[in-house]
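One structure below.
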Amino acid sequence: MKKTIIANWKMDPTSAREARQLFAQIKNKVRKLRGVETVIAPPFVYLPLFRPTSHFKLGAQDVSFASEGAWTGEISAKMLLDLKVSYVLVGHSERRELGETHNSVHQKLAAALSKGLRAVLCVGEKERSREAFPALVREEVKSALKGVPRRFAARALIAYEPVWAISSHSGGRADTSQNFFEMSIFIRRLVLDIWGKSAALKLPILYGGSVNSKNAAGFLGVKSSGGLLVGQASLNPGEFSKILEAASR
Ligand code: PGA
């Protein structure tokens with residue numbers, strides 16, 4: 001399976017000029033790679049600066065549940081499609097911290113998938129858990145997917161991102177590839193209950209949380225790993241290039 005590597009730039013870089021520079025450096029690298037789906041997810045306002053090519057796709061970091069109308073500050077799936085965006089992150093933990101609920105994540109996921117975007121549902125427990133399989137991940141997957149028609153499943157991806165492993169989290173350190181393996185089986189099982197076996201087997205499950213050039217290969221090597229969601233390291237062209245190389249092997 002082709003690995004999907006998503007660069008989540010979050011609210012960086014701080015100017016359009018720097019965004020163009022960063023993009024130009026990554027673009028050179030991406031041109032030479034095979035077997036990788038590279039997705040750049042910059043802040044909304046930089047999306048019009050970039051045109052996707054056969055070598056990389058554009059992603060957004062959020063999307064509205066609504067399709068039009070009086071929703072101040074919201075950006076619809078159709079607006080993103082107009083800007084040639086094909087991927088969108090839904091329910092990233094940093095947005096959940098700002099008040100996003102299970103229900104709003106579900107509505108956004110349904111809106112994005114039904115309009116034709118590829119949606120990356122982000123799930124992950126807040127604390128390192130002693131439980132074999134954390135209740136929060138179960139709740140996040142079930143509440144987001146329930147009621148979303150199976151015919152949209154082919155456009156869905158799930159990113160397992162334990163919140164405690166995200167680099168911006170105090171003391172954030174990457175998870176182990178063994179835990180990612182176990183969690184990906186757990187998540188696939190939950191998806192199977194909702195969308196059935198065929199969709200569950202095909203669903204790409206990505207790892208995110210302090211990915212860097214040293215640990216990328218370990219997570220990519222996990223059986224049935226769908227790829228990586230990369231934050232901090234995606235702002236460093238050297239680091240990000242090495243991660244892409246690891247995925248293209
Ligand atoms: P990180 O962020 O790679 O900086 O830990 C990942 C994410 O939050 O998507």
- Within segment 160-195, how many residues are within 15 Å of the ligand (Cβ to nearest atom) and either aliphatic (A, V, I, L, M) or farther than 26 Å from GLN232 by Cβ (or both)? 4
- Can you spot a residue in segment 213-222 that is touching a Gly at 6+ places or on another chain (Cβ under 7 Å), crowded, with 17+ Cβ neighbours inside 10 Å and not in a helix (DSSP H, G or I)? no
- Query: Could you count how many residues in segment 88-119 are open to solvent by 20 Å² or more (accessible area, probe 1.4 Å) and away from the ligand (no atom under 15 Å from the Cβ)?
  - Reply: 12
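For segment 191-208, does any single residue satisfy the condition of being closer than 19 Å to TRP9 by Cβ and either among the charged types (D, E, K, R) or without any contact (Cβ under 8 Å) to a residue 40 or more places away in the chain (or both)?
Filtering segment 191-208 down to residues closer than 19 Å to TRP9 by Cβ leaves 206-208.
Cutting the leftovers down to either among the charged types (D, E, K, R) or without any contact (Cβ under 8 Å) to a residue 40 or more places away in the chain (or both) gives us none.
No, there is no match, as no residue in segment 191-208 is closer than 19 Å to TRP9 by Cβ and either among the charged types (D, E, K, R) or without any contact (Cβ under 8 Å) to a residue 40 or more places away in the chain (or both).
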- Query: Only one of (1) of a type in the set (Val, Ile, Thr); (2) in contact with a Phe, Trp or Tyr (Cβ under 7 Å, 6 or more places away or on another chain); (3) touching a residue at least 40 places away in the same chain (Cβ under 8 Å); (4) more than 16 Å from the ligand (Cβ to nearest atom) fails for VAL39. Which number is that?
  - Reply: (4)
- Message: Please count how many residues of segment 1-20 are assigned to a helix (DSSP H, G or I) and within 13 Å of SER234 (Cα to Cα).
- Response: 1
- Task: Determine if segment 120-133 includes at least one residue that is open to solvent by less than 50 Å² (accessible area, probe 1.4 Å), part of a helix (DSSP H, G or I) and within 16 Å of the ligand (Cβ to nearest atom).
- Result: no
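Inside segment 200-212, can you point out the residues that are more than 15 Å from the ligand (Cβ to nearest atom) and either open to solvent by 20 Å² or more (accessible area, probe 1.4 Å) or among the β-branched types (Val, Ile, Thr) (or both)? Walk me through how you get there before you give the answer.
Our first condition is that a residue be more than 15 Å from the ligand (Cβ to nearest atom); within segment 200-212, this holds for 200-204.
Within segment 200-212, LEU201, LYS202 meet the criteria.
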- Please tell me if PHE240 is out of contact with any Leu (no Cβ under 7 Å at 6 or more places or on another chain), surrounded by 23 or more Cβ atoms within 10 Å (Cβ to Cβ) and aromatic (Phe, Trp, Tyr). yes
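Looking at LYS27, LYS84, which one is open to solvent by 20 Å² or more (accessible area, probe 1.4 Å) and at pLDDT 95 or above?
Details: LYS27 fails: at pLDDT 95 or above.
The unique qualifying residue is LYS84.
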- Item | Selection from segment 57-115 of residues that are charged (D, E, K, R) and either within 24 Å of ARG150 (Cβ to Cβ) or in contact (Cβ under 8 Å) with a residue 24 or more places away in the chain (or both) | LYS57, ASP62, LYS78, LYS84, GLU94, ARG95, LYS108, LYS115
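If a residue counts only when it is among the β-branched types (Val, Ile, Thr) and under 19 Å from the mean Cα position of the chain (by Cα), which strands (runs of 3 or more DSSP E) contained entirely in segment 25-92 have at least 2 such residues?
On the way: elements: 36-41, 56-60, 85-90.
Filter on segment 25-92 gives 36-41, 85-90.
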- Here are ALA66, ALA24, ALA111: which of them is within 23 Å of SER241 (Cα to Cα) and either touching a helix residue (DSSP H, G or I) at 6+ places or on another chain (Cβ under 9 Å) or hydrophobic (A, V, I, L, M, F, W, C) (or both)? ALA24
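The values are calculated or read from the model by the stated rules, or taken from the named source; none is laboratory data. Keep in mind that what you see is a predicted model, and the values were worked out from it rather than measured. So basically every Cβ, Gly included, is an ideal-geometry build from the backbone, and we count neighbours across all protein chains shown. Please note that ligands, DNA and RNA were not included when accessible areas were found on the heavy atoms of the full protein model with its side chains. Shrake-Rupley method; radii C 1.70, N 1.55, O 1.52, S 1.80 Å.
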